[in-house]
Amino acid sequence: MLRIGGTRAHMVRGRSRWLCGAATALLLAAGSQYAAAAEDTRHEATTSRRCRNEAAGAIPFDRVFPAYRARVRKVVERPSLYRRLPTEAVECHPDLFTFLSTNPDALVAVWRQLGITQVRLDRTGDGVFRFEDGYGTSGVLRIVEQQCKPGAQNRIVLFADASYSGRPFRKPLTAEGVFLFRSGSITETDSKTYVAARLDSFIRLNNASVQLLAKAAHPLLGKMADKNFVDSVHFIGQMSQAAQVRYANLNSLAAELPGVSVGQRRELQRLLLASRDAELARSRLGQSATATRR
């Protein structure tokens, strides 16, 4: 099995990951200006009104696809649950981070190829994905607005229609979710680039009878979502770093990745090579600087 970041990839086995993971964790628990742009710069998770208002204000409703604009606004203005997941930073090639953030089907395909998740996330259209976690949660996830700039300066707004069938409910539990994903990057004096990411989640349960249960369970389900998000961001960083020392293995994996288009596979290969080359260039620069000082 390919090793990522010096440990076997099973370190994240069986958990739902970042895009479908946030919605999945919230639903399952109920049934059982960018990454650091906000004035409140705490890194830990929060459900504060201040952060909720900041996140709501950061969504450009006029840019959201018209067909979903009213539904997105309804969920954001009247959510059953709100949570800002922890802000997380990792060493990573910014372009690779952006690609995997905007192509979550490719990221999930990597996990499935490594045997570390049973989650399915299949692209059914431009920016539209059907997901299923294997534990009763399924639905459709849509990118309804995005702005991606160089250096992983990204804003992605996603809308989810999800349902959960299983204990303890006799009827399916349905919900709508809006997820605001933001990221940014900084290059330190040693030329290493770090990407920071933040996810705000707004969940509106369509079953009024379970809203009190969901709110009571929010501390537990929130921690589940936090861990899934942090693990997912770390995995992308580990993948970028692994490309620097295990490029041939990762390139082979990308070339044979099932369930994604040829164009996606080629772009992933190109970005893995870019990540490797960027590290080689940084290393040579460091060695040159050391030699000069001597």
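Given a Förster radius of 25 Å and the C-beta distance between Asn53 and Thr174 as r, what FRET efficiency does 1/(1 + (r/R0)^6) yield to the nearest 0.05? Could you put the intermediate results ahead of the total?
Details: r = 27 Å, r/R0 = 1.06.
After rounding, the FRET efficiency stands at 0.40.
GluC sites (Glu not before Pro), restricted to segment 108-216: which are DSSP loop and have at most 11 other Cβ atoms within 10 Å?
Details: sites: Glu132, Glu145, Glu176, Glu188; in loops: Glu188.
Passing sites in segment 108-216 are Glu188.
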Exercise for review: For segment 122-175 and segment 73-93, write down the distance between their C-alpha centroids in whole Å.
Suggested key: 14
Study note, to complete from the structure: The simple spin-label model distance between Asp161 and His43, using points 7 Å out along Cα→Cβ, in nm, is 3.9
Review point. FRET efficiency for Thr187 and Thr102, Cβ-Cβ distance as r, R0 = 22 Å, nearest 0.05?
Key: 0.55
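May I ask for the equivalent-ellipsoid semi-axes of segment 120-180, computed as the square root of five times each C-alpha gyration tensor eigenvalue and listed largest first in whole Å?
Working: eigenvalues 153, 28, 17 Å².
They are 28, 12, 9 Å, listed from largest to smallest.
Once fully extended, how much extra length lies between Arg270 and Arg284, figured as 0.36 nm per residue of separation less the alpha-carbon to alpha-carbon distance? Let's see the in-between values first.
Working: separation 14, 0.36 × 14 = 5.04 nm, distance 2.10 nm.
Value of the extension gain: 2.9 nm.
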Study note, to complete from the structure: Low-density loop trypsin sites (Lys or Arg not before Pro), segment 103-210, at most 15 other Cβ within 10 Å, DSSP non-H/G/I/E/B, are Arg170, Lys192
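Readers should treat all values here as calculations from the given coordinates under stated rules, not as data from a laboratory. The shown structure was predicted, so the numbers you read here are calculated from the model rather than taken from an experiment. When we count neighbours, we look across all protein chains shown, and the Cβ atoms used for this are built from the backbone with ideal geometry, even at glycine.
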